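To keep things clear, I will list the structure first and then write my remarks on it.
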Amino acid sequence: MDVNGGEMRKNPTLICAPLMADSIDKMVTLMAKAKATTADLVEIRLDSLKNFNPFEDLNVLIKQSPLPTLFTYRPVWEGGQYDGDEKKRLDVLRLAMELGADYIDVELKVAHEFIKSIGGKKPEKIKVIVSSHNYQSTPSVVELGNLVVKIQSTGADIVKIATTAIDITDVARIFQITVHSQVPIIGLVMGERGLISRILCTKFGGYLTFGTLEGGVVSAPGQPTINDLLNLYNFRQLGPDTKVYGIIGKPVGHSKSPMLYNEAFKSAGFNGVFVHLLVDDLEMFLRTYSSTDFAGFSCTIPHKETAVKCCDEVDPVAKSIGAVNCIIRRQSDGKLFGCNTDYIGAISAIEDGLQAGYNMSSAAGSPLAGKLFVVIGAGGAGKALAYGAKQKGARVVIANRTYERARELADVIGGDALSLDDLARFHPEDGMILANTTSIGMQPNIDQTPMPKDALKYYSLVFDAVYTPKITRLLREAKETGATIVSGLEMFIGQAYEQFERFTGLPAPKEQFRRTMSKY
């Protein structure tokens, strides 16, 4: 066990910083940077150097490196930049070995000859990585297994296989190979759909992963930064028994959920990791990652409706709404349970707002009971809020641009319907509650509002599901007329509380969630 940054490691997987630079001086600068990030070793990509005098330069690089060195001199035919004489290339790798490199990487195509040529001259400490790259796809498990055997038979110390993800389910085959490997193995899947291979190699026994020094400068598609590996994904704390959670969506890279949950998992000492999951086909994804290790998922656009059909059991409210945004895999039998925390997030944020505004005690039942609750919009979110409010005993009115849609939803939940145009003149009583679930007022149309300001005086609380910007024109004007306001950010945090509790069985760290989100 190695202590890094004051924390005990839970896994032996190394973090390697790939260094691409066109001069030796720049390489040496990058090595110091890599050391500062607490990487375990550096990969020196000799094929990125413009002028290269093997004997002098290798000596400098090996002597000056503050970290163990891995030398790669990748030829064009394997996706690299070296386009010269093959014999010279292999001579350079042999020389690096003699001068004291810790690892050298040689391609499968030439490995047999190369390893034979070094015969008994191989120093004790050096490890030879034999690598195979597939820039088109990820082969079947059988083909991958045969490839491992083929690489081993060259006399490799470490097997390296890099493939390409056409679908996120491709990564499962690499996990299967890695976890059963009897030899040290590096198994990575390139591309955004392969990102989980670079994080979860800790769980499935990968020898090392690559992390870049800064965003944007990658030596292969889909590499995370070292900073993200360590601080976003808590890489050193993951192990074989870590439970995997994630946000399923398409697109998904923008989601702030991994930040929110990983920080909370770490503080709570919960052995889980939360990742971005770029999923094209939800059913195939859930079928492929069917072990109880893949324990729960947040679900976002465009998969919320499909998720209802993919679960073994769906919470009645989620079924009525027709959308699941949270999937839990039961640890006892692996069955999938789907629920909807979107409406709970919004409703509890509105209840908190009412309680704070009127110093009500939460013991007295819901502050929504008996209130007139006006929902703008009849889509998924409108449906969710209308159900939630109804469940809490409110009288519900649906207002929508097209009256027919409003009528339809009102009939289903037992409420009244209005067209949006009539809403401005609607005030049967004072102290009503308004909830906007449309995208009116969202960036870039921040000067729009679904409601004229003078009509807002009949409402005691106004909620807006839009959270970009945090304070919409609707909320700003509602506040000016004296109403309590609740922003969409509160709903995002509220739905995350419930998911965190379902994922972990622990109480949600509400203060911490607020702190994390306030940074954005």
Rounded to the nearest 500, what is the chain's calculated 222 nm mean residue ellipticity when only DSSP H runs of at least 4 contribute -39500 (n - 2.57) each, over all residues? -11000 deg cm²/dmol
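Within the accessible area of the stretch 259-339, what % is carbon and sulfur when the probe is 1.4 Å and the other protein chains stay in place? Please list the in-between numbers first.
Values: 1650 of 3220 Å².
The value for the stretch 259-339 is 51 percent carbon and sulfur by accessible area.
Cross-chain or 8 or more residues apart, Cα under 24 Å: how many lysine pairs in the stretch 259-339 fit that? Count them up, please. It would help to have the intermediate numbers written out before the result.
Values: K304/K319; K304/K335; K309/K319; K309/K335; K319/K335.
Within the stretch 259-339, the lysine pair count is 5.
Just to check, using Stokes-Einstein with a Kirkwood Rh over alpha carbon pairs, what's the diffusion coefficient of the stretch 5-64 at 20 °C and 1.002 mPa s in µm²/s? Please report the intermediate quantities before stating the final value.
Values: Rh = 12.6 Å.
Answer, rounded: 170 µm²/s.
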Leaving out ligands, DNA and RNA, what percent of the accessible area of the stretch 160-258 is carbon and sulfur, probe 1.4 Å? 55 percent
Carbon and sulfur %, accessible surface of the stretch 343-486 computed with the full protein complex present, 1.4 Å: 49 percent
For E107, other-chain or 5+-apart residues with amide H closer than 5 Å (H placed, Pro excluded) are S131
Accessible area (Å², per residue) of the stretch 71-189, counting only protein heavy atoms and a probe of 1.4 Å: 44 Å²
Contact order normalised by residue count of the chain, Cα under 8 Å, 6+ apart, percent: 8 percent
Return the percentage of antiparallel bridges among DSSP beta bridges fully within the chain, rounded to the nearest 5 %. 10 percent
Using 7 Å Cα-to-Cβ label points, what is the K479/K309 separation (nm, one decimal)? 4.4 nm
If you roll a 1.4 Å probe over the heavy atoms of the protein chains, what accessible area per residue do you get for the stretch 344-431, in Å²? 47 Å²
Given the chain, what whole percent of its Cα pairs are spread farther than 32 Å? 52 percent
I need the phi-derived Karplus couplings for the stretch 370-385: 6.51 cos²θ - 1.76 cosθ + 1.60, θ = phi - 60°, integer Hz, Gly and Pro marked x. x, 6, 8, 10, 9, 9, 9, x, 10, x, x, 5, x, 4, 4, 5
What are the ³J(HN,Hα) couplings of the stretch 409-419, residue after residue, when phi is run through the Karplus curve with 6.51, -1.76, 1.60 and θ = phi - 60°? Round to Hz, x for glycine and proline. 5, 4, 5, 5, 9, x, x, 10, 10, 9, 8
Calculate the FRET efficiency for S23 and K121 from the Cβ-Cβ distance with a Förster distance of 35 Å, rounded to the nearest 0.05. 0.70
May I ask you to evaluate 6.51 cos²θ - 1.76 cosθ + 1.60, the Karplus curve with θ = phi - 60°, for each residue of the stretch 33-39 and list the ³J(HN,Hα) values in order in whole Hz, giving x for glycine and proline? 4, 4, 4, 5, 7, 6, 5
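Local charge sum around G100 (other residues, Cβ-Cβ under 9 Å, Lys/Arg +1, Asp/Glu -1)? Mind showing how you got there, number by number?
Details: positive: K63, K125; negative: E98, D102.
After counting each charged neighbour, the total is 0.
Before I look further, what does the stretch 259-339 give for accessible area per residue, probe 1.4 Å, in whole square angstrom?
Numbers: 3220 Å² over 81 residues.
Roughly 40 Å² per residue, with all protein chains present.
The values are calculated or read from the model by the stated rules, or taken from the named source; none is laboratory data. On a predicted model such as this, the values are computed, not experimentally measured, just so you know. Neighbour counts run over all protein chains shown; Cβ positions are idealised from the backbone, glycine included. Surface areas here come from the heavy atoms of the whole protein model, side chains and all, with no ligands, DNA or RNA. Shrake-Rupley method; radii C 1.70, N 1.55, O 1.52, S 1.80 Å.
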